[in-house]
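Chemist: Below is a structure I'd like to ask you about.
The values are calculated or read from the model by the stated rules, or taken from the named source; none is laboratory data. The shown structure was predicted, so the numbers you read here are calculated from the model rather than taken from an experiment. All Cβ positions, glycine included, derive from the backbone under ideal geometry; neighbour counts span all protein chains shown. Remember, those area values only see protein heavy atoms, side chains included, never the ligands or the DNA or RNA. Shrake-Rupley method; radii C 1.70, N 1.55, O 1.52, S 1.80 Å.
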Amino acid sequence: MHNTLYKASVRAAITAALLAGSAAQAGTINIESWRVDDKTLWEDVLIPAFQKKNPGIQVKFTPTAPTEYDSSLTARLAGGTAGDLITCRPFDKSLDLFKKGQLEKLDGKPGMEYFPASAKVAWQTDDGKNTYCMPMASVMHGFFYNKKIFKDLNLKEPKTQAEFFAALETLKKAGKTPIALGTADQWESNQIVFTSIGANAWKGEEGRKALIAGKAKFTDPQFVAAWEQMAKWGPYMGKGASAQTYADSQNLFAMGKAGIYPAGSWDIAYFNQQGLDFGAFPPPVAKAGDKCYISDHTDIGMGINPKAKNKAEAYKFLAWLGSQEFADLYTNKVTGFFSLSNHLISVKDPVAKQMLDWRKSCGSTIRLNAQIMNRGEPAMENELWNVSSQVLNGKMAPKDAAAKIQTGFAKWHKPQQK
(Lines give C-alpha, C1' and ligand atoms only; values in the text may rest on other atoms or scores of the structure.)
Protein backbone atom coordinates (compact mmCIF):
# COMPACT_ATOMS: atom_id res chain seq x y z
CA MET A 1 0.00 0.00 0.00
CA HIS A 2 2.74 2.37 1.08
CA ASN A 3 4.58 1.62 -2.17
CA THR A 4 1.53 2.42 -4.34
CA LEU A 5 0.97 5.72 -2.54
CA TYR A 6 4.62 6.57 -2.98
CA LYS A 7 4.42 5.84 -6.74
CA ALA A 8 1.25 7.94 -7.04
CA SER A 9 2.84 10.90 -5.28
CA VAL A 10 5.96 10.64 -7.47
CA ARG A 11 3.71 10.54 -10.52
CA ALA A 12 1.81 13.59 -9.25
CA ALA A 13 5.08 15.42 -8.62
CA ILE A 14 6.34 14.59 -12.12
CA THR A 15 3.03 15.70 -13.64
CA ALA A 16 3.14 18.95 -11.64
CA ALA A 17 6.71 19.55 -12.75
CA LEU A 18 5.79 18.89 -16.38
CA LEU A 19 2.80 21.21 -16.13
CA ALA A 20 4.94 23.89 -14.57
CA GLY A 21 7.44 23.43 -17.37
CA SER A 22 4.79 23.71 -20.03
CA ALA A 23 3.22 26.68 -18.26
CA ALA A 24 6.59 28.42 -18.49
CA GLN A 25 6.63 27.55 -22.17
CA ALA A 26 3.04 28.66 -22.80
CA GLY A 27 2.97 31.87 -24.73
CA THR A 28 6.40 31.47 -26.38
CA ILE A 29 5.83 31.82 -30.11
CA ASN A 30 8.52 31.01 -32.64
CA ILE A 31 8.76 32.77 -36.00
CA GLU A 32 10.21 30.91 -38.99
CA SER A 33 11.85 33.20 -41.59
CA TRP A 34 14.56 33.47 -44.27
CA ARG A 35 15.31 37.12 -43.41
CA VAL A 36 18.48 36.49 -41.39
CA ASP A 37 19.41 40.17 -41.93
CA ASP A 38 16.40 41.27 -39.86
CA LYS A 39 17.22 39.32 -36.66
CA THR A 40 18.45 42.36 -34.71
CA LEU A 41 15.50 44.43 -35.85
CA TRP A 42 12.99 41.80 -34.66
CA GLU A 43 14.76 41.36 -31.33
CA ASP A 44 15.43 45.03 -30.59
CA VAL A 45 12.45 46.82 -32.16
CA LEU A 46 9.53 44.73 -33.44
CA ILE A 47 9.15 42.12 -30.69
CA PRO A 48 9.48 44.67 -27.83
CA ALA A 49 6.83 46.87 -29.53
CA PHE A 50 4.46 43.88 -29.68
CA GLN A 51 5.19 42.90 -26.06
CA LYS A 52 4.39 46.40 -24.86
CA LYS A 53 0.82 45.79 -26.03
CA ASN A 54 0.81 42.08 -25.12
CA PRO A 55 2.78 41.60 -21.90
CA GLY A 56 3.69 38.04 -21.00
CA ILE A 57 3.86 36.63 -24.55
CA GLN A 58 7.40 35.59 -25.42
CA VAL A 59 8.43 35.75 -29.08
CA LYS A 60 11.48 34.18 -30.70
CA PHE A 61 12.63 35.03 -34.22
CA THR A 62 14.50 31.98 -35.55
CA PRO A 63 15.58 32.54 -39.16
CA THR A 64 17.24 30.08 -41.55
CA ALA A 65 19.59 31.08 -44.41
CA PRO A 66 17.50 32.02 -47.48
CA THR A 67 18.96 29.24 -49.66
CA GLU A 68 18.09 26.58 -47.06
CA TYR A 69 14.77 27.99 -45.82
CA ASP A 70 12.33 26.17 -48.11
CA SER A 71 13.82 22.69 -47.64
CA SER A 72 14.45 22.97 -43.89
CA LEU A 73 10.98 24.46 -43.26
CA THR A 74 9.40 21.58 -45.21
CA ALA A 75 11.32 19.09 -43.05
CA ARG A 76 10.34 20.83 -39.79
CA LEU A 77 6.67 21.03 -40.78
CA ALA A 78 6.67 17.33 -41.68
CA GLY A 79 8.41 16.46 -38.41
CA GLY A 80 6.13 18.61 -36.27
CA THR A 81 8.96 20.85 -35.04
CA ALA A 82 8.21 24.00 -37.07
CA GLY A 83 7.52 27.35 -35.40
CA ASP A 84 4.08 28.84 -34.70
CA LEU A 85 4.39 31.59 -37.32
CA ILE A 86 5.68 30.90 -40.82
CA THR A 87 7.14 33.67 -42.97
CA CYS A 88 5.61 33.07 -46.41
CA ARG A 89 7.21 33.30 -49.82
CA PRO A 90 4.79 34.59 -52.48
CA PHE A 91 2.71 32.31 -54.71
CA ASP A 92 3.46 28.64 -55.33
CA LYS A 93 5.84 27.82 -52.46
CA SER A 94 3.25 28.91 -49.89
CA LEU A 95 0.30 27.58 -51.91
CA ASP A 96 1.93 24.11 -51.76
CA LEU A 97 2.16 24.39 -47.96
CA PHE A 98 -1.52 25.37 -47.74
CA LYS A 99 -2.56 22.46 -49.97
CA LYS A 100 -0.66 20.10 -47.63
CA GLY A 101 -2.60 21.53 -44.67
CA GLN A 102 0.49 23.29 -43.29
CA LEU A 103 -0.91 26.83 -43.21
CA GLU A 104 -4.14 28.03 -41.55
CA LYS A 105 -6.92 29.71 -43.56
CA LEU A 106 -6.88 33.37 -42.50
CA ASP A 107 -9.94 34.92 -44.19
CA GLY A 108 -11.79 37.19 -41.76
CA LYS A 109 -9.13 36.94 -39.03
CA PRO A 110 -8.25 40.14 -37.10
CA GLY A 111 -5.80 42.32 -39.03
CA MET A 112 -6.66 40.93 -42.48
CA GLU A 113 -9.16 43.75 -43.10
CA TYR A 114 -6.33 46.27 -43.62
CA PHE A 115 -5.11 44.70 -46.88
CA PRO A 116 -6.50 45.44 -50.35
CA ALA A 117 -7.40 42.53 -52.63
CA SER A 118 -4.33 43.12 -54.82
CA ALA A 119 -2.05 42.59 -51.82
CA LYS A 120 -3.57 39.19 -50.99
CA VAL A 121 -3.24 37.58 -54.44
CA ALA A 122 0.25 36.23 -53.68
CA TRP A 123 -1.16 34.18 -50.77
CA GLN A 124 -4.48 32.96 -52.11
CA THR A 125 -5.74 29.87 -53.90
CA ASP A 126 -6.16 30.39 -57.66
CA ASP A 127 -9.92 30.95 -57.22
CA GLY A 128 -9.27 33.65 -54.58
CA LYS A 129 -11.48 31.88 -52.03
CA ASN A 130 -8.83 31.05 -49.42
CA THR A 131 -6.16 33.36 -48.06
CA TYR A 132 -3.43 31.67 -46.00
CA CYS A 133 -0.80 34.35 -45.24
CA MET A 134 -1.10 37.95 -44.13
CA PRO A 135 0.67 40.24 -46.63
CA MET A 136 3.63 41.97 -45.01
CA ALA A 137 5.64 43.81 -47.62
CA SER A 138 6.46 44.34 -51.25
CA VAL A 139 9.70 45.30 -52.99
CA MET A 140 9.89 47.69 -55.92
CA HIS A 141 12.05 47.83 -59.00
CA GLY A 142 13.50 50.76 -60.88
CA PHE A 143 16.86 52.48 -61.24
CA PHE A 144 19.23 54.19 -58.81
CA TYR A 145 21.54 56.93 -60.04
CA ASN A 146 24.65 58.57 -58.60
CA LYS A 147 23.62 62.14 -57.76
CA LYS A 148 27.14 63.59 -57.95
CA ILE A 149 27.89 62.08 -61.36
CA PHE A 150 24.51 63.25 -62.70
CA LYS A 151 25.10 66.76 -61.36
CA ASP A 152 28.65 66.95 -62.76
CA LEU A 153 27.41 65.87 -66.20
CA ASN A 154 24.29 68.03 -66.01
CA LEU A 155 22.00 64.99 -66.35
CA LYS A 156 18.39 64.80 -65.16
CA GLU A 157 16.34 61.75 -64.16
CA PRO A 158 15.33 60.26 -67.55
CA LYS A 159 11.58 59.95 -68.08
CA THR A 160 11.54 58.43 -71.59
CA GLN A 161 13.61 55.68 -73.19
CA ALA A 162 15.20 58.25 -75.53
CA GLU A 163 16.33 60.30 -72.52
CA PHE A 164 17.58 57.12 -70.82
CA PHE A 165 19.79 56.09 -73.75
CA ALA A 166 21.02 59.69 -74.16
CA ALA A 167 22.09 59.64 -70.49
CA LEU A 168 23.90 56.31 -71.03
CA GLU A 169 25.78 57.82 -73.98
CA THR A 170 26.81 60.86 -71.92
CA LEU A 171 28.01 58.62 -69.07
CA LYS A 172 30.01 56.46 -71.47
CA LYS A 173 31.71 59.48 -73.06
CA ALA A 174 32.63 60.73 -69.58
CA GLY A 175 34.49 57.47 -68.87
CA LYS A 176 31.98 56.09 -66.35
CA THR A 177 30.36 52.64 -66.52
CA PRO A 178 26.84 53.71 -67.55
CA ILE A 179 24.98 50.65 -66.15
CA ALA A 180 26.25 48.67 -63.15
CA LEU A 181 24.89 45.26 -64.19
CA GLY A 182 26.41 41.85 -64.84
CA THR A 183 25.01 38.53 -65.99
CA ALA A 184 27.12 36.02 -64.02
CA ASP A 185 24.32 35.35 -61.50
CA GLN A 186 21.56 35.66 -64.12
CA TRP A 187 18.60 36.24 -61.74
CA GLU A 188 18.89 40.05 -61.95
CA SER A 189 18.37 39.94 -65.73
CA ASN A 190 14.82 38.69 -65.14
CA GLN A 191 13.72 39.89 -61.69
CA ILE A 192 15.34 43.34 -61.76
CA VAL A 193 15.46 44.07 -65.49
CA PHE A 194 13.04 42.18 -67.78
CA THR A 195 9.92 42.13 -65.59
CA SER A 196 10.60 45.70 -64.44
CA ILE A 197 11.28 47.63 -67.65
CA GLY A 198 8.83 45.43 -69.56
CA ALA A 199 5.83 46.40 -67.43
CA ASN A 200 5.51 49.69 -69.37
CA ALA A 201 5.38 47.76 -72.66
CA TRP A 202 2.79 45.14 -71.66
CA LYS A 203 0.78 47.51 -69.42
CA GLY A 204 1.42 45.77 -66.13
CA GLU A 205 -1.43 43.61 -64.87
CA GLU A 206 -3.27 43.77 -68.19
CA GLY A 207 -0.41 42.02 -70.03
CA ARG A 208 0.36 39.58 -67.22
CA LYS A 209 -3.25 38.42 -66.95
CA ALA A 210 -3.54 38.14 -70.74
CA LEU A 211 -0.66 35.62 -70.78
CA ILE A 212 -2.29 33.50 -68.06
CA ALA A 213 -5.65 33.59 -69.88
CA GLY A 214 -4.03 32.63 -73.20
CA LYS A 215 -5.11 35.94 -74.77
CA ALA A 216 -1.51 37.04 -75.39
CA LYS A 217 1.75 35.29 -76.26
CA PHE A 218 5.36 36.07 -75.35
CA THR A 219 5.99 36.46 -79.09
CA ASP A 220 3.56 39.43 -79.23
CA PRO A 221 5.25 42.84 -79.83
CA GLN A 222 4.59 44.17 -76.30
CA PHE A 223 6.69 41.36 -74.77
CA VAL A 224 9.42 41.29 -77.43
CA ALA A 225 9.78 45.07 -76.84
CA ALA A 226 11.27 44.48 -73.37
CA TRP A 227 14.03 42.26 -74.78
CA GLU A 228 14.58 44.74 -77.61
CA GLN A 229 15.35 47.43 -75.03
CA MET A 230 17.71 45.08 -73.18
CA ALA A 231 19.52 44.18 -76.41
CA LYS A 232 20.65 47.83 -76.60
CA TRP A 233 22.20 47.76 -73.11
CA GLY A 234 25.26 45.70 -74.01
CA PRO A 235 27.61 48.57 -74.95
CA TYR A 236 26.79 50.35 -71.67
CA MET A 237 27.30 47.51 -69.18
CA GLY A 238 31.07 47.78 -68.96
CA LYS A 239 33.87 45.38 -69.77
CA GLY A 240 33.55 41.84 -68.45
CA ALA A 241 29.83 42.21 -67.66
CA SER A 242 29.22 38.52 -68.43
CA ALA A 243 31.56 37.57 -65.54
CA GLN A 244 30.21 40.24 -63.19
CA THR A 245 28.19 39.08 -60.15
CA TYR A 246 25.42 40.89 -58.26
CA ALA A 247 27.92 41.75 -55.50
CA ASP A 248 30.34 43.16 -58.14
CA SER A 249 27.59 45.39 -59.52
CA GLN A 250 26.71 46.66 -56.02
CA ASN A 251 30.37 47.38 -55.40
CA LEU A 252 30.87 49.20 -58.71
CA PHE A 253 27.94 51.52 -57.97
CA ALA A 254 28.83 51.99 -54.28
CA MET A 255 32.35 53.08 -55.25
CA GLY A 256 31.01 55.81 -57.53
CA LYS A 257 32.32 54.20 -60.72
CA ALA A 258 28.91 53.75 -62.38
CA GLY A 259 26.14 56.22 -63.15
CA ILE A 260 23.05 53.98 -63.08
CA TYR A 261 22.18 50.79 -61.21
CA PRO A 262 19.08 48.66 -62.06
CA ALA A 263 17.71 48.13 -58.57
CA GLY A 264 15.50 46.31 -56.19
CA SER A 265 14.33 48.58 -53.35
CA TRP A 266 16.01 46.24 -50.83
CA ASP A 267 19.35 47.60 -52.15
CA ILE A 268 18.63 50.99 -50.50
CA ALA A 269 19.90 49.85 -47.10
CA TYR A 270 23.19 48.58 -48.55
CA PHE A 271 23.99 51.83 -50.38
CA ASN A 272 22.97 53.88 -47.33
CA GLN A 273 25.54 51.93 -45.30
CA GLN A 274 28.17 52.80 -47.94
CA GLY A 275 27.35 56.50 -47.50
CA LEU A 276 26.42 56.94 -51.15
CA ASP A 277 24.36 59.93 -52.28
CA PHE A 278 21.88 58.48 -54.76
CA GLY A 279 18.37 58.93 -56.10
CA ALA A 280 15.86 56.72 -57.92
CA PHE A 281 13.74 56.88 -61.07
CA PRO A 282 11.09 54.45 -62.40
CA PRO A 283 11.55 52.53 -65.67
CA PRO A 284 11.37 55.12 -68.47
CA VAL A 285 8.29 55.04 -70.73
CA ALA A 286 8.47 54.67 -74.54
CA LYS A 287 7.31 58.23 -75.18
CA ALA A 288 6.39 61.28 -73.10
CA GLY A 289 2.86 61.12 -71.74
CA ASP A 290 2.59 57.29 -71.74
CA LYS A 291 1.16 55.78 -68.56
CA CYS A 292 3.92 54.26 -66.43
CA TYR A 293 3.87 50.87 -64.69
CA ILE A 294 6.12 49.63 -61.91
CA SER A 295 7.07 46.20 -60.65
CA ASP A 296 5.72 46.46 -57.08
CA HIS A 297 6.23 42.86 -56.13
CA THR A 298 4.43 41.12 -53.25
CA ASP A 299 7.43 39.55 -51.56
CA ILE A 300 6.82 38.56 -47.97
CA GLY A 301 3.85 37.43 -45.85
CA MET A 302 3.15 35.67 -42.54
CA GLY A 303 1.06 32.57 -41.88
CA ILE A 304 0.15 30.33 -38.95
CA ASN A 305 1.22 26.71 -38.54
CA PRO A 306 -1.99 24.65 -37.95
CA LYS A 307 0.05 22.59 -35.44
CA ALA A 308 1.24 25.72 -33.60
CA LYS A 309 1.84 25.00 -29.92
CA ASN A 310 0.58 28.47 -29.00
CA LYS A 311 -2.05 29.25 -31.61
CA ALA A 312 -4.02 31.82 -29.60
CA GLU A 313 -0.84 33.85 -29.00
CA ALA A 314 0.16 33.44 -32.67
CA TYR A 315 -3.17 34.96 -33.75
CA LYS A 316 -2.61 37.88 -31.36
CA PHE A 317 0.75 38.44 -33.00
CA LEU A 318 -0.78 38.25 -36.47
CA ALA A 319 -3.42 40.84 -35.54
CA TRP A 320 -0.57 43.15 -34.46
CA LEU A 321 1.20 42.53 -37.80
CA GLY A 322 -1.88 44.03 -39.47
CA SER A 323 -1.68 47.20 -37.36
CA GLN A 324 -0.61 50.73 -38.28
CA GLU A 325 2.20 50.47 -35.72
CA PHE A 326 3.77 47.42 -37.38
CA ALA A 327 3.33 48.86 -40.92
CA ASP A 328 5.11 52.02 -39.84
CA LEU A 329 7.94 50.27 -37.98
CA TYR A 330 8.57 47.68 -40.69
CA THR A 331 8.52 50.13 -43.61
CA ASN A 332 10.85 52.55 -41.86
CA LYS A 333 13.24 50.03 -40.30
CA VAL A 334 13.49 47.44 -43.10
CA THR A 335 14.26 50.13 -45.67
CA GLY A 336 13.09 49.18 -49.15
CA PHE A 337 10.35 46.82 -47.97
CA PHE A 338 6.99 48.56 -48.25
CA SER A 339 3.94 47.66 -46.20
CA LEU A 340 1.13 46.18 -48.31
CA SER A 341 -1.53 47.47 -45.90
CA ASN A 342 -3.75 50.46 -46.61
CA HIS A 343 -2.51 52.30 -43.50
CA LEU A 344 -1.06 55.71 -44.32
CA ILE A 345 2.66 55.60 -43.62
CA SER A 346 5.14 58.41 -43.45
CA VAL A 347 8.33 57.05 -45.04
CA LYS A 348 11.47 58.62 -43.63
CA ASP A 349 14.19 57.38 -46.01
CA PRO A 350 14.34 59.79 -48.99
CA VAL A 351 14.96 57.13 -51.68
CA ALA A 352 12.34 54.76 -50.25
CA LYS A 353 9.88 57.68 -50.18
CA GLN A 354 10.75 58.53 -53.79
CA MET A 355 9.99 54.94 -54.85
CA LEU A 356 6.81 54.65 -52.79
CA ASP A 357 5.53 57.85 -54.43
CA TRP A 358 5.65 56.11 -57.84
CA ARG A 359 2.48 54.29 -56.77
CA LYS A 360 0.64 57.62 -57.04
CA SER A 361 1.32 58.05 -60.76
CA CYS A 362 2.18 54.55 -62.05
CA GLY A 363 0.17 51.33 -62.17
CA SER A 364 1.49 48.58 -59.89
CA THR A 365 2.11 45.07 -61.15
CA ILE A 366 3.96 42.01 -59.84
CA ARG A 367 6.85 40.17 -61.48
CA LEU A 368 5.47 38.88 -64.77
CA ASN A 369 5.92 35.14 -64.26
CA ALA A 370 5.40 34.94 -60.48
CA GLN A 371 1.83 33.66 -60.52
CA ILE A 372 0.92 30.33 -62.19
CA MET A 373 3.52 30.63 -64.99
CA ASN A 374 6.31 28.97 -62.98
CA ARG A 375 4.43 25.70 -62.49
CA GLY A 376 5.39 23.78 -65.58
CA GLU A 377 8.37 22.15 -67.23
CA PRO A 378 10.59 23.73 -68.39
CA ALA A 379 10.71 26.01 -65.32
CA MET A 380 9.96 29.49 -66.69
CA GLU A 381 11.84 31.39 -63.97
CA ASN A 382 15.12 29.66 -64.88
CA GLU A 383 14.43 29.95 -68.60
CA LEU A 384 13.86 33.70 -68.22
CA TRP A 385 17.13 34.07 -66.29
CA ASN A 386 18.89 32.32 -69.12
CA VAL A 387 17.41 34.01 -72.19
CA SER A 388 17.40 37.49 -70.63
CA SER A 389 21.10 37.15 -69.73
CA GLN A 390 21.88 36.03 -73.27
CA VAL A 391 19.99 39.00 -74.73
CA LEU A 392 21.96 41.38 -72.48
CA ASN A 393 25.20 39.65 -73.54
CA GLY A 394 24.28 40.07 -77.22
CA LYS A 395 24.21 36.29 -77.69
CA MET A 396 20.49 35.89 -78.43
CA ALA A 397 18.07 37.94 -80.55
CA PRO A 398 14.98 39.34 -78.73
CA LYS A 399 12.58 37.45 -81.03
CA ASP A 400 14.43 34.16 -80.33
CA ALA A 401 14.23 34.77 -76.57
CA ALA A 402 10.47 35.33 -76.93
CA ALA A 403 10.03 32.20 -79.06
CA LYS A 404 11.93 30.03 -76.55
CA ILE A 405 9.83 31.22 -73.60
CA GLN A 406 6.58 30.91 -75.55
CA THR A 407 7.38 27.36 -76.74
CA GLY A 408 8.16 26.25 -73.17
CA PHE A 409 5.01 27.90 -71.81
CA ALA A 410 2.70 26.43 -74.46
CA LYS A 411 4.04 22.92 -73.73
CA TRP A 412 2.15 22.72 -70.44
CA HIS A 413 -0.21 25.74 -70.04
CA LYS A 414 -3.55 24.75 -71.64
CA PRO A 415 -4.84 28.27 -72.40
CA GLN A 416 -1.66 28.79 -74.48
CA GLN A 417 -2.40 25.73 -76.63
CA LYS A 418 -5.40 27.20 -78.46
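Chemist: Stokes-Einstein diffusion coefficient for the stretch 89-213 at 20 °C in a medium of 1.002 mPa s, Rh from the Kirkwood formula over Cα pairs: what value in µm²/s?
Modeler: Here the translational diffusion coefficient equals 118 µm²/s.
Chemist: Now for a separate question. Does anything in the stretch 376-400 have its amide N under 18 Å from the 7 Å Cα→Cβ label point of Trp187, and if so which residues?
Modeler: 379-390
Chemist: Now, a different point. Would you grab the residues whose amide H sits under 5 Å from the one on Phe143? Only those 5+ places off in sequence or on another chain, please, with H modelled 1.01 Å from N.
Modeler: Ala263, Phe281
Chemist: Here's a follow-up. Which ³J(HN,Hα) values in Hz, rounded to whole numbers, follow from the phi angles of the stretch 402-417 under the Karplus curve 6.51 cos²θ - 1.76 cosθ + 1.60, where θ = phi - 60° and Gly and Pro get x?
Modeler: 4, 5, 5, 5, 5, 4, x, 5, 5, 4, 10, 8, 3, x, 8, 9
Chemist: Summarise the long-distance tail of P(r) for the stretch 262-398 by giving the % of C-alpha pairs beyond 18 Å.
Modeler: Numbers: 6457 of 9316 pairs.
Roughly 69 percent, rounded to a whole number.
Chemist: Taking +1 at the Cβ of each Lys and Arg and -1 at the Cβ of each Asp and Glu, which of Gln51, Gln406, Thr62 sits farthest along the dipole of the chain towards its positive end, judged by Cα position relative to the Cα centre?
Modeler: Gln406
Chemist: Right, next: Roll a 1.4 angstrom probe over the protein heavy atoms and tell me the percent of accessible area of the stretch 248-397 that is carbon or sulfur.
Modeler: Roughly 52 percent of what the probe reaches on the stretch 248-397 is carbon or sulfur.
Chemist: Continuing with the same structure: Hull surface divided by four, with the convex hull built on the Cα atoms of the stretch 324-417: how many nm²? The partial results should precede the final answer.
Modeler: Details: hull surface 35.0 nm².
That works out to 8.8 nm².
Chemist: Which of the three applies to the stretch 269-319, rounded, prolate or oblate, going by the alpha-carbon gyration tensor with a ≥ b ≥ c and a/c under 1.5 meaning rounded? Provide the component values of the computation, followed by the final result.
Modeler: Values: a/c = 5.12, a/b = 2.01, b/c = 2.55.
Here the stretch 269-319 falls in the oblate category.
Chemist: Would you please name the trypsin sites (Lys or Arg not before Pro) within the stretch 310-358 that are DSSP coil residues with at most 16 other C-beta atoms within 10 Å of their C-beta?
Modeler: Here the sparse-neighbourhood loop sites are Lys348.
Chemist: Can I ask one more? Residue separation times 0.36 nm, minus the C-alpha to C-alpha distance between Lys109 and Asp92: what's the value? Kindly include the intermediate steps, with their values, before the conclusion.
Modeler: Details: separation 17, 0.36 × 17 = 6.12 nm, distance 2.22 nm.
My answer for the length gained is 3.9 nm.
Chemist: Along the Cα→Cβ direction, 7 angstrom out, place labels at Val36 and Met255. What is the inter-label distance in nm?
Modeler: The modelled label-to-label distance comes out at 2.5 nm.
Chemist: Turning to a different aspect of this structure: Using amide H atoms built in the peptide plane, which far-off residues or other-chain residues are under 5 Å from Phe61 H to H?
Modeler: Correct list: Ile31.
Chemist: Can you pull the one-decimal nm distance between simple spin-label points at Ala312 and Asn154, each 7 Å off the Cα toward Cβ?
Modeler: 7.1
Chemist: At 222 nm, what value in deg cm²/dmol follows for the chain if DSSP H runs of at least 4 each add -39500 (n - 2.57) and the sum is divided by all its residues, to the nearest 500? Don't skip to the end; give the middle numbers.
Modeler: Values: 18 runs with 176 residues, N = 418.
Roughly -12500 deg cm²/dmol at 222 nm, from the helical runs in the chain.
Chemist: Report the antiparallel proportion of the DSSP beta bridges in the chain as a percent, rounded to a multiple of 5. Kindly include the intermediate steps, with their values, before the conclusion.
Modeler: Values: 22 of 36 bridges.
If I count the DSSP bridges inside the chain, around 60 percent turn out antiparallel.
Chemist: Rounded to the nearest 20 Debye, what is the dipole magnitude of the stretch 225-345 about its Cα centre when Lys and Arg each give +1 and Asp and Glu each give -1 at the C-beta?
Modeler: Working: 10 positive and 10 negative charges, 56 e Å.
For this selection, approximately 260 debye.
Chemist: Further, regarding this structure: For the stretch 185-338, what is the Kirkwood hydrodynamic radius in Å, using each pair of distinct C-alpha atoms? Walk me through the intermediate numbers first.
Modeler: Working: mean 1/r = 0.0536 Å⁻¹.
Evaluated on the stretch 185-338, it is 18.7 Å.
Chemist: Let me ask something else about it. Tell me, in nm to one decimal, what length is gained between Val45 and Ser118 on full extension, where the rule is 0.36 nm per residue of separation less the Cα-Cα distance?
Modeler: Extending this stretch completely gives an extra 23.4 nm.
Chemist: Would you mind estimating how fast the chain diffuses translationally, via Stokes-Einstein at 25 °C and 0.890 mPa s with the Kirkwood radius over Cα pairs, in µm²/s?
Modeler: Working: Rh = 23.2 Å.
Estimated via Stokes-Einstein, D reaches 106 µm²/s.
Chemist: If you find the alpha carbon centre of the stretch 190-222 and of the stretch 248-296, how far apart are they in angstrom?
Modeler: Using only Cα atoms to place each centre, the spacing works out to 22 Å.
Chemist: Ok, one more. Gap in Å between the Cα centre of the stretch 65-90 and the Cα centre of the stretch 102-136?
Modeler: 19
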